[in-house]
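What follows draws every value from the coordinates through simple rules; no lab data is involved. No experiment lies behind these values; they were computed from the predicted model shown. Cβ: placed from backbone, ideal geometry, glycine included. Neighbour counts: every protein chain shown.
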Amino acid sequence: MRVAIAGGSGFIGKALTNALLKRGDEVWIITRGKQAQSSSPESRLTTVSWAQLQQEPGKLEGIDAIVNLAGESINQRWNAAAKDRVLHSRQWAAAQVAELVNALEHKPSVVINASGISAYGISATEVFDEDSPMAVTDFLSEVVREWEAAADTIPAKRLVKLRIGVVLDSKDGAFPLMLLPYRLFAGGRVGSGKQGLSWIHIEDMVGLILHCLDNDSIQGPVNGSAPEPVTNDKFGRAVSRAFRRPHWFPVPALMMRLLFGEMSTLLLDGQLAKPKRALETGYSFRYPTVDSAMRQLANR
């Protein structure tokens, strides 16, 4: 399979690239840089810029799939300029993919466009799956609504909107920062501890993307989250058990709001989402429970 990845330099993109190359696929990394250098043909890995593709879209003629993971990081203080960057980087990337697919004579069989588990809005009690309606309750859910609307303009034969939860990896992403208080023996629930956390191990994140690439029956929304969403308190207790650190120091919600402003909603609010579509189509999670994921992260 020939797969193009936008956002391939991010930690999910790098892990996906390695998995695709390992199974013998050809990978094209699409970058925003003005100039891109291709590697040797033997490596099956090529880098190309959006600027080059605008001039020569035929470089990707015959591509089988596009995975769009591109977007500004949400891990920054959400002032007006940051919010604008977060939203428009996602709209821009989806528009670029749509333009590219339109320019290709032979369309890719599938486009997987990243989205967010915030699609369902904030709820302390409800459990969501892909059949649940979208709801705009905060900035992130509004971003997801606009993000998926932009993805809907991509003229793909099969479009998958991958609603990604918190991706757990020992070195990259949010988890090393989430783990830091426990390493300092100051871990505990954040706020009430009752807020939902929909998470997925990086190996299952990559596995699920491969599953969506290979399974022709999958299209539309797919929750990129593990079968066991948990509360913030339960997540912390799993960290405590695996890393042998106490879970005792509660962090007041007011402190989080003072430190992080509106971005504190990432820690103080949430939702519980289950991967109904993945399970229905036969994906077998390697780390289905938070304890199994934590044991692997602690032992790496």
Among beta bridges that DSSP assigns inside the chain, antiparallel share in %, nearest 5: 5 percent
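Take each of the peptides 250-256, 231-237, average the number of other beta-carbon atoms within 10 Å over its residues, and list them starting from the highest. Could you put the intermediate results ahead of the total?
Values: 250-256: 14.7, 231-237: 21.1.
For the peptides 250-256, 231-237, the packing ranking is 231-237, 250-256.
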Relative contact order, percent, the chain [alpha-carbon distance under 8 Å, six or more residues apart]: 18 percent
Under 15 Å, Cβ to Cβ, from S109 - net charge with Lys/Arg +1 and Asp/Glu -1: -3
Burial ranking of peptide ranges 201-210, 276-285 (average Cβ count within 10 Å, highest at the top): 201-210, 276-285
Protection proxy ranking, peptides 114-120, 267-273, average beta carbon neighbours within 10 Å, highest first: 114-120, 267-273
Label-point gap, in nm, between K22 and L177 - each point 7 angstrom along Cα→Cβ: 2.7 nm
Residue-count net charge about N232 - beta-carbon cut-off 13 Å; Lys, Arg +1, Asp, Glu -1: +2
Helix-only mean residue ellipticity at 222 nm for the chain, each DSSP H run of n ≥ 4 adding -39500 (n - 2.57), per residue, nearest 500: -11500 deg cm²/dmol
Euclidean distance of C-alpha centroids, the stretch 251-272 and the stretch 50-65, integer Å: 42 Å
Debye, to nearest 20: dipole size of the stretch 2-299, +1 on Lys, Arg Cβ, -1 on Asp, Glu Cβ: 1040 debye
